[in-house]
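Asks: I am attaching a structure below and will ask some questions about it afterwards.
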Amino acid sequence: MTSAAPPYRYVGHSVLRREGADKVTGRAIYIDDRATPGCLHAKTLRSTIPAGRIRAIHFPPHIPWHEFTIADARDLAENVVALILDDQPVFCDGIVRHLHEPILVLAHPDHGKAEEAVRAIRVDYDEEPGVFDIGPGPVMKSYRIDHGEIDAAFAESDVVLEGTYQTGAQEHVYIEPNGFIAEWKNGVATLRGSLQCPYYVHKAVMRALGLPAEKVNVIQETTGGGFGGKEDFPSVLGIHAALLARKSGKTIRLMYNRNEDMASSTKRHPSRSLIRTGCTRDGKLLALDFEFLIDGGAYSTLSAVVLSRGILHGSGPYRWKAARLVGHCHFTNSPPYGAFRGFGAPQSQFAIELHLSRLADQLGIDPAELRRRNFLHRGDVLPTGQILAEDPNLEAMLDRALDISDYHEKRKKPRGGGSGVGVSATLHGTGFTGNGEVYLASKVAVEARADGKATILVASTEIGQGTETIFSQMVAEALGIPIGDVVFHRPETDRVPNSGPTVASRTCSVVGRLVQRAAEQLRDRLSGASIADHVRRHGVAREEAVYTPPPGLVWNEDSYRGSAYGAYSWAIMVAETTVDPVTRAPKVEAIWNTTDVGTIINPVLAIGQMEGGIAQAVGWATCEQVVLRKGAMANGQMTNYIIPTSADAPSIVVEFMENPYAEGAYGSKGVGELPMDGPASAIVAAINHAADAGLAHIPATPEDLLS
């Protein structure tokens with residue numbers, strides 16, 4: 001941790017979480033806690049085949065169907081879940097493309113009768129063969145990045161190494177499953193839910209139900225985690241609940257239990273990476289040929305964007321004389337895969353980092369030293385042609401990580417001796433790729449109130465990561481008022497401007513910068529007067545800020561060249577593992593991490609993000625195995641989908657090495673996704689050291705080491 005005292009009153013200090021007391025005392029109201037007297041309980045009828053056609057739907061006569069409200073595709077203005085390519089239907093209308101695909105929804109005053117009715121409905125299908133592997137299915141999206149003369153670079157290479165690397169799916173396992181409450185009054189749909197992106201749901205409900213913007217209000221309730229899993233998937237529930245509310249005229253409760261949530265929701269994309277590298281005998285990297293393949297599932301959702309970030313991060317934090325990165329996302333008959341912390345970068349960086357550890361072993365060079373010899377510096381050119389404007393100081397970060405982990409002593413242990421160490425170096429772009437932030441045109445507002453307080457108006461959501469707290473710190477700092485006089489208005493589309501989705505490591509740095517600007521504009525408007533005095537004299541004051549790109553940030557979407565991100569965060573990970581000599585079970589003993597995420601707004605929250613992301617990566621690397629049968633998750637319950645507990649958590653040491661970013665809020669860069677990128681490759685490299693193995697996939701299980 002940097003030891004210099006922060007120059008601010010609030011920014012840089014570990015102020016208490018604004019919403020923390022309500023959560024730890026149980027006062028926080030989650031969506032399923034809300035009382036809804038007189039409501040109808042909704043359930044979803046889902047497909048039981050992965051591919052085929054619906055021939056007939058039978059409603060058995062012993063169920064009093066007149067007591068139910070039933071809705072399907074015929075009740076919609078448009079049968080589409082609006083997102084990017086708009087290929088996903090709200091209900092499968094005759095054609096089934098994956099297991100658990102929604103066919104219809106129904107609602108009844110009695111929750112038990114609603115469940116009984118769904119179980120009683122029988123669907124006749126004409127089943128067709130499905131595609132469940134990456135590759136055979138049609139290509140959903142492809143990208144290609146070319147840098148330098150790849151053939152000449154390979155011809156110049158003394159050593160050429162090829163490898164194939166695979167990563168599995170991963171379930172989000174947020175604390176609280178998906179849920180919505182919907183009301184329909186006076187032609188207006190009001191939806192309350194557990195979600196990350198209110199305006200995603202707003203757009204999707206407008207489109208599917210054929211409603212104007214002012215007829216849909218989406219409110220985020222206290223949300224028990226997201227990790228990307230509540231980015232786009234809640235749009236499906238929102239449409240279902242709003243449709244039933246409109247048709248019935250009643251309040252609708254649509255609450256998924258854990259099994260239904262895990263079976264039907266999006267997961268991290270499985271991947272397969274084929275890498276060929278060329279280098280000199282002394283380890284200078286020359287050529288990178290990287291083919292990155294991911295499983296997109298049955299519909300496109302966010303897969304194209306995940307693929308994009310994956311190949312953009314596939315070259316790692318290294319100089320390459322020449323590089324060719326090609327990415328393909330394939331359709332399969334799995335439920336759609338979607339956003340998950342890291343968004344493609346963990347998959348591609350797992351592959352390149354593990355590959356470099358193998359390359360170091362082949363060259364007889366220490367893996368840490370191989371990385372050091374090839375680190376990026378200010379002025380280096382990335383494969384997209386972007387000239388790096390910052391100096392990552394990766395050598396200093398590496399030195400510190402090696403020192404605090406006692407890496408060199410651990411590295412001396414014999415291969416196969418039961419204990420091993422691995423290292424990785426990763427980067428993560430802050431915010432949306434390329435012109436994404438320009439397209440979003442995010443807007444925020446800060447209002448001065450008559451009671452002397454200031455209200456933050458953003459659509460960015462608090463999902464456990466500290467949004468409410470860090471934004472309050474920024475506004476209190478800019479206005480020079482006590483943090484207790486800052487109010488965070490809950491995100492609801494009728495009241496807050498669209499500041500974009502709570503994704504892509506953009507909340508603190510990108511949206512926070514807008515919050516800072518709006519607060520500074522309000523401060524200038526006050527001209528030294530207190531908020532209460534100004535409002536008394538002039539009325540309520542509101543200042544808005546709209547995103548404008550940093551100077552010199554140019555991206556060509558057609559050629560896929562230019563500056564993909566305004567700034568990058570950087571991390572070095574060192575992992576120590578042991579392997580049980582009898583059971584062959586790997587255990588992650590410790591992870592040491594040095595990180596540059598720019599200015600630290602709240603040290604405790606930033607450490608929490610790093611520790612949480614590392615723990616999530618430990619699970620992905622070692623035990624979280626999504627078992628797929630006919631493309632869908634077969635172990636969708638907490639008894640057989642194994643995640644790390646406190647007993648499994650390694651010792652985690654986090655140190656920040658701050659390198660402020662001028663265009664980020666108070667110098668901040670993205671933090672939320674970076675800790676997911678590096679641990680898995682360092683862990684598997686350490687397991688290979690400990691067990692004298694050659695694992696090239698995750699999760700790395702005892703069975704892999706016994707075979």
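The values are calculated or read from the model by the stated rules, or taken from the named source; none is laboratory data. Source: prediction; values computed, not measured. No Cβ is skipped: glycine too gets one built from the backbone with ideal geometry, and neighbour counts run over all protein chains shown.
Asks: Just give me the residues in the stretch 457-492 being farther than 20 Å from G612 by Cβ, β-branched (V, I, T) and surrounded by 24 or more Cβ atoms within 10 Å (Cβ to Cβ), in sequence order.
Replies: V458, V475, V486
Asks: Moving to a separate point now. Could you pull out every one of the strands (runs of 3 or more DSSP E) wholly within the stretch 265-350 that has 3 or more residues that are of a type in the set (D, E, K, R)?
Replies: Correct list: 285-297.
Asks: Then there's this: May I ask you to list the residues in the stretch 318-353 that are touching a helix residue (DSSP H, G or I) at 6+ places or on another chain (Cβ under 6 Å), closer than 30 Å to G283 by Cβ and buried (at least 24 other Cβ atoms within 10 Å of the Cβ)?
Replies: Within the stretch 318-353, L325, G327, G342, G344, A345, P346, Q347, S348, Q349, F350, E353 meet the criteria.
Asks: Looking at the stretch 361-375, is at least one residue in contact with a Lys or Arg (Cβ under 8 Å, 6 or more places away or on another chain) and closer than 21 Å to G429 by Cβ?
Replies: Taking every residue of the stretch 361-375 in turn, at least one turns out to be in contact with a Lys or Arg (Cβ under 8 Å, 6 or more places away or on another chain) and closer than 21 Å to G429 by Cβ.
Asks: Sticking with this one: Can you pull out the residues in the stretch 624-639 that are in a loop (DSSP other than H, G, I, E, B) and not acidic (D, E)?
Replies: Taking the stretch 624-639 and keeping what is in a loop (DSSP other than H, G, I, E, B), we get 624-627, 630-631, 634-639.
Once the filter is applied, which keeps residues that are in a loop (DSSP other than H, G, I, E, B) and not acidic (D, E), the stretch 624-639 yields Q625, V626, V627, K630, G631, A634, N635, G636, Q637, M638, T639.
Asks: For the structure I just gave you, tell me whether A693 is at pLDDT 95 or above, in a helix (DSSP H, G or I) and touching a helix residue (DSSP H, G or I) at 6+ places or on another chain (Cβ under 7 Å).
Replies: Taking the combined requirement at face value, the residue does not satisfy it.
Asks: Looking at (1) out of contact with any Leu (no Cβ under 8 Å at 6 or more places or on another chain); (2) buried (at least 20 other Cβ atoms within 10 Å of the Cβ), which is the only condition A241 fails?
Replies: Of the numbered conditions (1) out of contact with any Leu (no Cβ under 8 Å at 6 or more places or on another chain); (2) buried (at least 20 other Cβ atoms within 10 Å of the Cβ), the odd one out for A241 is (1).
Asks: Do you know which of the residues in the stretch 129-152 that are out of contact with any strand residue (DSSP E or B) (no Cβ under 7 Å at 6 or more places or on another chain) and of a type in the set (D, E) is modelled with the lowest pLDDT?
Replies: Filtering first and then ranking leaves D133.
Asks: Can you pull out the residues in the stretch 539-548 that are of a type outside the set (A, V, I, L, M, F, W, C), out of contact with any Ser or Thr (no Cβ under 6 Å at 6 or more places or on another chain) and at pLDDT 95 or above?
Replies: Across the stretch 539-548, the qualifying residues are R542, E543, E544, T548.
Here's the yes/no breakdown for (1) in contact with a Gly (Cβ under 6 Å, 6 or more places away or on another chain); (2) under 19 Å from S472 (Cα atoms); (3) of a type outside the set (S, T, Y):
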{"site": "S509", "(1), (2), (3)": "yes, yes, no"}
{"site": "A532", "(1), (2), (3)": "yes, yes, yes"}
{"site": "P549", "(1), (2), (3)": "no, no, yes"}
{"site": "L553", "(1), (2), (3)": "yes, no, yes"}
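Asks: Evaluate the stretch 181-193: report whether one residue or more is touching a residue at least 40 places away in the same chain (Cβ under 8 Å) and assigned to a loop (DSSP other than H, G, I, E, B).
Replies: no
Asks: Residue under question is G512, and the condition is that it be in contact (Cβ under 8 Å) with a residue 60 or more places away in the chain, of a type in the set (G, A, S), at negative phi and touching a helix residue (DSSP H, G or I) at 6+ places or on another chain (Cβ under 6 Å); does it hold?
Replies: Answer is yes for this residue.
Listed here are the residues, each with its yes/no results for (1) assigned by TED's automatic domain parsing to the domain that holds S315; (2) over 24 Å from the mean Cα position of the chain (by Cα).
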{"position": "K113", "(1), (2)": "no, yes"}
{"position": "Y125", "(1), (2)": "no, yes"}
{"position": "A153", "(1), (2)": "yes, yes"}
{"position": "D158", "(1), (2)": "yes, yes"}
{"position": "F180", "(1), (2)": "no, no"}
{"position": "N186", "(1), (2)": "no, yes"}
{"position": "H202", "(1), (2)": "no, no"}
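Asks: Continuing with this model, one more query. Tally time: how many residues in the stretch 480-521 are among the charged types (D, E, K, R), assigned to a loop (DSSP other than H, G, I, E, B) and within 24 Å of L302 (Cα to Cα)? Before the answer, list the steps.
Replies: Start the filter on the stretch 480-521 by keeping residues that are among the charged types (D, E, K, R), which leaves 485, 490, 492, 494-495, 506, 513, 517, 520.
Among the residues that remain, those that are also assigned to a loop (DSSP other than H, G, I, E, B) are: 490, 494-495, 506.
If we keep only those that are within 24 Å of L302 (Cα to Cα) too, we end up with 506.
Number of matching residues: 1.
Asks: Looking only at the stretch 381-402, how many residues end up being closer than 16 Å to G552 by Cα and in contact with a strand residue (DSSP E or B) (Cβ under 9 Å, 6 or more places away or on another chain)?
Replies: 8
Asks: Output the residues belonging to the stretch 85-141 that are under 22 Å from A304 (Cβ atoms), aliphatic (A, V, I, L, M) and buried (at least 18 other Cβ atoms within 10 Å of the Cβ).
Replies: V90, V131, I134, M140, listed by residue number.
Asks: Which strands (runs of 3 or more DSSP E) does the stretch 12-77 wholly contain that include 1 or more residues that are farther than 28 Å from G226 by Cα?
Replies: Per the criteria, 52-58, 69-71.
Asks: Provide a single number: the residues in the stretch 303-317 that are over 26 Å from M573 (Cβ atoms) and either buried (at least 24 other Cβ atoms within 10 Å of the Cβ) or β-branched (V, I, T) (or both).
Replies: 1
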